[in-house]
Amino acid sequence: MLQRFLLPTSLAALAAACSVLIDVDAKQCTLDADCAKLTDAPKGAVCVQSVCVAPDDNSASAGAAGTSGDPLECEARETSKEDTVKYSFAPIFAPGGEPENPQPFSIKACEQLDLTCDHPVYGPIDVNVGEPQDFIVPTGFNGYFEITNPDTLGGLMFMGRPVVQDTVGWNITMPTPLLVVTLSSVTGENVDEKLGLILTVARDCAGAALANVTVHNTKGGLGYYFVNFLPDTNLTKTGPQGAAGWANVPITTTILSGTHDSGKNFGPVSIRTRPGFMSFAELWPVP
């Protein structure tokens, strides 16, 4: 499968390819009007640094949505009284990695214990790149979305916390098969395409990416953190992009968690790996 892609001829080119593994700066909003569409945004929320925050806040971290001032102390979210809720997101291609004739993504919403998503709760449906789609899922949905496209690796996007109300998720950047080669070259390690790939982003209560979080994965693998959009196996905690990942993870269920420098815990999130797929998950502060 990898042979179909033109491989970069320099480390700089490889680094550039690796810088867009995932859009950790994906926008929740562009205009204040976007925030009115978010059920879990504060009343009268405004768009600050691509995150919807209360109108009297000055940043995405201070006074984060759903908190009492501390961005790591999340208040309980109100649970919808309806049987179903909407989870909305759009898959995108990495910048510079768009195919000449992009095909739609096939997406299914799957229960956590449906390991191969043979009985989806929603879908499969075709979703065009960059066009958010509403997925109708049971209230409290804590499963995953299976995302496939002929021009990318597959994606398994696990919920970092139950979906208890209509929620606008973050756009997922779908990596190409070149990713495996890129990781091997940039990290100087052997990355096996038959083993699992994981990427996680630690976020504060408003959804802003969070630095200084040490992440954990119960099944191990080749771990790395991101700095300036590049993976580094020597780092020990998240940088401003809040992103961390693993390659060469056994094909099995694993638990992700994290600890902030302040002592605040994140997760845990149960996810699975699958050959030819990248498993995604967000890590949220423990309530």
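Readers should treat all values here as calculations from the given coordinates under stated rules, not as data from a laboratory. These figures come from a predicted structure and were not determined experimentally. No Cβ is skipped: glycine too gets one built from the backbone with ideal geometry, and neighbour counts run over all protein chains shown.
Listed values, structure above:
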quantity	calculated
Distance between modelled label sites at Thr218 and Asp261, nm, 7 Å Cα→Cβ extension	2.9
Fraction of alpha-carbon pairs over 18 Å apart in the range 77-158 - percent	44
Cβ-derived FRET efficiency at R0 45 Å, Glu131 paired with Asp70, nearest 0.05	0.80
Kirkwood Rh, Cα atoms: Rg over Rh of the range 215-287	0.95
Relative exposure of Val215, Val191, judged by other C-beta atoms within 10 Å (fewest first)	Val191, Val215
For the range 127-206 versus the range 210-282, the gap between their alpha-carbon centres in whole angstrom	13
Charge dipole (the range 149-287, unit charges on Cβ, about Cα centre) - positive-most of Asn234, Gly245, Trp284	Trp284
